[in-house]
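The block underneath contains the structure these notes are about, expressed in structure tokens.
The values are calculated or read from the model by the stated rules, or taken from the named source; none is laboratory data. Keep in mind that what you see is a predicted model, and the values were worked out from it rather than measured. Virtual Cβ from ideal backbone geometry, glycine too; neighbours counted across all protein chains shown.
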Amino acid sequence: MKGFFGSMTGRVFATLVLGIGMSAAVAQWVAVNERQSAIEAYRDYYALERAEQLIMAVDTVPSSSRKAYLSVANRPAIRIEPYDASKVVSPAHTPFMRQLATRLGPAYALEQVRDRPPACDAPREQSALFAPTRWTGTCESVNVRLRDGDLVRLEVLPPRVPPKSAQTDYSITITLFTLSIALVAYVVARMSTRPLKRLAQAARALGEDINRDPLKPAGASEIRQATAAFNAMQARIRQHIAQRTQMLAAITHDLQTPLTRLRLRLEKVQDRELQERLRGDLDAMQAMVREGLELARSTDTSEAMCSLDLDSLLDSVCSDASDSGQNVTLKGRANMAMMGRPGALRRCFGNVIDNAVKYGRQASVTVERQDGSAVVRVRDRGPGIPEAELARVFEPFYRVEGSRSRESGGTGLGLPIARNIVEQHGGSISLANHPEGGLVATLVLPEYYGGK
């Protein structure tokens, strides 16, 4: 859940849900208040009409019969009670009292009771979301002197709350509304962020496969512009890599002629010890030129992807190494087919095994399948590498020991080439010192990689 809301889709979804929810809440609040204002205005008009009728009717009834009449005519919200001298009157007049006095005329004297009836401030059950919990319309007591001189008290109280059976249950409506806005927000968020997700996936895969098909422009104009810029960048990078590889190939080819002449002239050197040293330097130069070209080609993904049996490929690489006199053993099976470039993977495994044999005298290769990926471990019996140097050995031309002699090590390009190839296949490679001694190179290759 945390990962979802940390993504662009999750944030757009949360923003839309929050925005729509707040808009709906504000609209509901405005609608409820407008409805409450309309109810209060109608109720005040009805109370005014009813109070006028009730006072005039009571005035026409003889004093001896008024109590019996009121027991029938009174209603819970508008009623006439006997006069209570203990109630303190107020000189201030409310709008309701002024309107009632205008309707009744000068024949009736009205006095405003200062204290409101207790029912005016009694809590009320909400009949709708955001509805007030107290009655805010007319609610007051008025002393009325009838034409015959009798005093009575008019009470205008809040209307009765309808029973629960007559009230609308909004829980189902709110639930359906929430689910609908969540669904709409999720669809809009996915539609809005899908082009960005495609662009991010293409950018991540660009380092693994520079020759992948360009993206098709889709989505809003800004996304199409970004896609076009991304495709142009990919084309420029691909052209740069091709030019660099061609340049290195041309240099390698052109160097072969002078190197061959140097090798022929070495035969004329009389000092055998000097001749051997010069021949070693010449061999180192040729190897460096050749491996430099291999490093450049390791970033090229022109070789087509195909389905291959990883166990058969590893068995072939280990058998070739054993046939050439290297101490290499293979254990385990991945039992899976994967998409890959056979030539590049053969070069990758060969470099790692050669590195293990060169520095650790032997290479113990194990392979297994974990979570849909093949895990290949190559362990040697050498002295290992200091922890601070484990990451740096993947840098081109970097070797742990400082010498550049062929006897103590190679050119420092084997592991960088292997890393480039593994990353092109969507995998990873790492080095670690084994607790019992030696170095372990771990290569993780996914069963399926969506690159070209």
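Figures for the structure shown
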item	result
Matching residues in the stretch 69-113 - criterion: being more than 60 Å from the chain's Cα centre (by Cα) and aromatic (Phe, Trp, Tyr)	Tyr69, Tyr83, Tyr108
Qualifying residue in the stretch 78-96 (condition: assigned by TED's automatic domain parsing to the domain that holds Thr133, over 28 Å from Thr133 (Cβ atoms), out of contact with any strand residue (DSSP E or B) (no Cβ under 9 Å at 6 or more places or on another chain) and among the β-branched types (Val, Ile, Thr))	no
Residue in the stretch 186-196 that is surrounded by fewer than 15 Cβ atoms within 10 Å (Cβ to Cβ), farther than 20 Å from Val12 by Cβ and outside the structural domain of Gly19 (by TED's automatic domain parsing) present	no
Filtered residue count, the stretch 347-368, keeping only those that are of a type outside the set (A, V, I, L, M, F, W, C), outside any helix (DSSP H, G or I) and modelled with pLDDT of 90 or more	3
Only one of Val58, Val72, Val12, Val32 that is in a helix (DSSP H, G or I) and either loosely packed, with under 13 Cβ neighbours inside 10 Å or touching a Gly at 6+ places or on another chain (Cβ under 8 Å) (or both)	Val72
Residues satisfying the stated conditions in the stretch 428-446, i.e. in contact with a Gly (Cβ under 6 Å, 6 or more places away or on another chain) and in a loop (DSSP other than H, G, I, E, B)	Gly438
Unique match (being of a type in the set (Lys, Arg), surrounded by 13 or more Cβ atoms within 10 Å (Cβ to Cβ) and part of a loop (DSSP other than H, G, I, E, B)) among Arg43, Arg116, Arg50	Arg116
Ser302 at pLDDT 85 or above and either under 30 Å from Asp213 (Cα atoms) or not in a loop (DSSP other than H, G, I, E, B) (or both)	no
Within the stretch 204-241, tally of residues that are among the hydrophobic types (A, V, I, L, M, F, W, C) and either at pLDDT below 80 or on the phi > 0 side of the Ramachandran plot (or both)	6
Selection within the stretch 267-289 - over 25 Å from Leu413 (Cβ atoms) and assigned to a helix (DSSP H, G or I)	Arg272, Glu273, Leu274, Gln275
Test result for Arg194, at pLDDT below 85 and over 30 Å from Ile55 (Cβ atoms)	yes
Matching option when the condition is within 30 Å of Leu206 (Cβ to Cβ) and either at pLDDT 75 or above or not polar (S, T, N, Q) (or both), among Leu295, Leu278	Leu295
